[in-house]
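This report concerns only the one structure given below.
Just so it is clear, none of the values below were taken in a lab; they were calculated from the coordinates. Every value quoted in this text rests on a predicted model; they were computed, and no experiment measured them. Virtual Cβ from ideal backbone geometry, glycine too; neighbours counted across all protein chains shown.
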Amino acid sequence: MISKFGFQRLKKGALKYLVLECLNEKPMRTYEIIKSIEKKFEGSYRPSTGSIYPVLKGLVEKDLVEVKVENGKKIYIITDKGKKELEEIKNKSLKLLGDNAKFSRPILQELLQIAFYLYNNRSKIDENNIQKIIQHLRNCRNELRDIL
């Protein structure tokens with residue numbers, strides 16, 4: 001089981017990657033980054049400004065992202081160093097997934113969406129529905145055993 005601290009570290013590392021991935025598409029303001037990430041997770045995860053700002057600050061401090069101010073609004077732009085870092089993260093991820101990366105990646109993405117959904121809705125989980133959730137996950141695992 002991942003501790004709360006461990007989950008926060010995982011989330012921050014994932015956010016770094018997600019922010020760089022968004023900015024690799026185009027320069028964005030903070031709100032656009034948040035909306036882009038939310039869209040990637042089909043609404044099951046939406047980072048708060050409180051989690052995005054420290055990540056952006058760290059990326060700027062490491063020269064992975066630069067900030068320009070236009071019309072009084074900050075726009076974040078990925079640097080060449082940031083693009084290189086993003087590529088390294090992708091390569092490390094693909095190595096972890098091994099030879100089946102093209103198959104594993106969409107599966108892992110779905111699992112992450114489920115994890116983020118449960119995490120974001122943890123206040124709704126009580127004694128009545130926790131057993132239902134656990135049973136549903138066990139049923140899913142058993143069905144996967146049948147498939148594989």
Notebook entry, point to check: What ranking do Cys140, Cys22 get, fewest neighbouring Cβ atoms within 10 angstrom at the top?
Noted result: Cys140, Cys22
Checklist line | HN-Hα J in Hz across the stretch 58-72 - Karplus 6.51, -1.76, 1.60, θ = phi - 60°, x for Gly and Pro | finding: x, 5, 5, 4, 8, 6, 8, 9, 10, 10, 10, 10, 10, 6, x
Margin query: Based only on other Cβ atoms within 10 Å, what is the fewest-to-most ordering of Ile52, Ile107, Ile33, Ile147?
Written below: Ile147, Ile107, Ile52, Ile33
Check: Among Tyr117, Tyr31, which comes first, then next, by fewest other beta-carbon atoms within 10 Å?
Finding: Tyr31, Tyr117
